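Participant: First the structure, which I've put down as structure tokens, then a few questions once you've had a look.
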Amino acid sequence: MEDFLSSAVGIRINAVSKTFGDQIAVDRLSLDVATGSLVALLGPSGCGKSTLLRMIAGLESPDPGGHIYINGEDATRRSVQDRHVGFVFQHFALFKHRTVRQNIAFGLELRRWSKPAIRRRVEELLDLVKLQDYGDRYPSQLSGGQRQRVSLARALAVQPKVLLLDEPFSALDAKVRKELRHWLRNLHEEMQVTTVIVTHDQEEAMEVADSIVVINKGRIEQVGTAAEIYDRPASPFVMNFVGEVNRFPNGDGELFVRPHELELHQEPTEGSVPAVVHRITHLGKELVAELRLVNGEQLSAHLSRDQQVAEKLVRGSRLYVLPRHTHHF
Ligand code: ATP
């Protein structure tokens, strides 16, 4: 029991379940989140990630038996206020009749900070989220991305021990979302607050998080860095959920191969199978070749345009496909 009392574990989730009627949303899940790290809960819709986040926040209570520790203290039965967590939801929840400054000040007023201390803290936060010139605007006068930055500033104002983000950028368009991911990453490096972000977007998880927790049906499938879960997926579920995958025939069975792990040859080589090019798509410096095998199976191969074979690829070309690396479970 001692180790979690050390400062290394910011959040410990110990055998936590949550059932709604006869539905198990979270199933005896255990997880440690290192202090100061940024962890993404990644999984398909309905896998239980929001429920888990809401239990960490104290907005939902776990079934009996499970425990949640925040900075070494058992927070399972603590109220939301006592947990000192900052929370940002997908949908902007700013007070529309308050200015940006007043929104950020809200939690500090509740905690009865003095007026000068509030003023100082609000300016610090405006600076941190790069909205120095927007303090006197109302939420309706901001873009979606700016509003989410205000939401984050408001959540951070009270210096939470833990920051919880539930799909914070998913209502924004793709370009703004990408900018905000970079921004969040930089902000986290500056703040070092233990942060958990819920997302169903694997690219988002890979871009922002130190560590990714892949969840399926209320259970953890794998915990790892972006590279670990992509290159060494622990299960077919992870392999399929995190990135594209091909099924390569192998005797009676099949092997899983990533599109960039396929080599294309003009002559047969040992282990290769014949294929016909069905379609070529140019994606900047990459080419995507859709291939058909003799048995009717389709494969997708990604190759860089400077590869020699790339020049010769046209619809209908016959060639040989060789997996450079395969995954089996
Ligand atoms: P999404 O990405 O769609 O938000 P999620 O992974 O966050 O999905 P949860 O919201 O945690 O999933 O829901 C997990 C399961 O629990 C779902 O099947 C959902 O219908 C169910 N559930 C969640 N909250 C409740 C509730 N208050 N009452 C009944 N069932 C619920």
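Participant: To the nearest 20 Debye, how big is the dipole of segment 2-238 about its Cα centre, given +1 on the beta carbon of each Lys and Arg and -1 on that of each Asp and Glu?
Facilitator: I would put it at about 1040 debye.
Participant: Cross-link list Lys130/Lys285; Lys49/Lys161; Lys178/Lys285: which exceed 25 angstrom alpha carbon to alpha carbon?
Facilitator: Lys130/Lys285
Participant: Taking the Cα centre of segment 2-238 as the origin and placing charges on Cβ (Lys, Arg +1; Asp, Glu -1), which of Thr194, Ile220, Leu152 is farthest toward the positive end of the dipole?
Facilitator: Ranked along the dipole, the leading option is Leu152.
Participant: I would also like to ask the following. Relative contact order of segment 37-176: what whole-number percent is it, with Cα pairs under 8 angstrom and at least 6 residues apart?
Facilitator: Worked out over segment 37-176, it gives 31 percent.
Participant: Determine the calculated [θ] at 222 nm for the chain from helices alone, applying -39500 (n - 2.57) to every DSSP H run no shorter than 4 residues and normalising by the residue count; nearest 500 deg cm²/dmol.
Facilitator: Using -39500 (n - 2.57) per qualifying helix, the result is -8000 deg cm²/dmol.
Participant: Separate question: List the longest stretch of the chain that has no exposed loop site; here a site is one of the GluC sites (Glu not before Pro) assigned by DSSP to anything other than H, G, I, E or B, with at most 16 other Cβ within 10 Å.
Facilitator: 61-243
Participant: Same structure again: Hey, can you grab everything whose amide H is under 5 Å from the amide H of Glu221? Only 5+ residues off in sequence or another chain; H modelled, so Pro and N-termini drop out.
Facilitator: It is Val214, Ile215, Asn216, by chain and number.
Participant: Still on this structure: Output wanted: per-residue J couplings in Hz (rounded whole) for segment 306-320, from phi through Karplus 6.51 cos²θ - 1.76 cosθ + 1.60, θ = phi - 60°, x for Gly and Pro.
Facilitator: 7, 5, 4, 5, 4, 5, 8, 7, 9, 3, x, 4, 9, 8, 10
Participant: When the chain is modelled as a GNM with alpha-carbon springs shorter than 10 Å, which of His265, His67, His200 fluctuates the most?
Facilitator: It is His265.
Participant: Moving on. Using Cα pairs under 8 angstrom and six or more residues apart, how large is the relative contact order of the chain, in percent?
Facilitator: Relative contact order comes out at 17 percent.
Participant: When the Kirkwood radius is taken over all Cα pairs of the chain, what Stokes-Einstein diffusion coefficient follows at 37 °C and 0.692 mPa s, in µm²/s?
Facilitator: 147
Participant: Here's another thing I want to ask about it. Give me, ordered by chain and number, the residues 5 or more places off Arg28 or on other chains with an amide H under 5 Å from its own placed amide H.
Facilitator: Placed amide hydrogens put Ser17, Lys18 under 5 Å from Arg28.
Participant: Suppose the chain between Asp63 and Ser79 were pulled fully straight at 0.36 nm per residue; how much longer would it get relative to their current alpha carbon spacing?
Facilitator: This chain segment gains 4.2 nm when fully extended.
Participant: Any idea how far the Cα center of segment 184-220 sits from the one of segment 9-49, in Å?
Facilitator: 13
Where a number appears in this text, it was derived from the coordinates with a stated rule and is not lab data. A quick note: this is a predicted structure, and the numbers were derived from the prediction, not measured. Methodologically, a virtual Cβ is constructed for each residue, glycine included, from the backbone with ideal geometry; neighbour enumeration extends over all protein chains shown.
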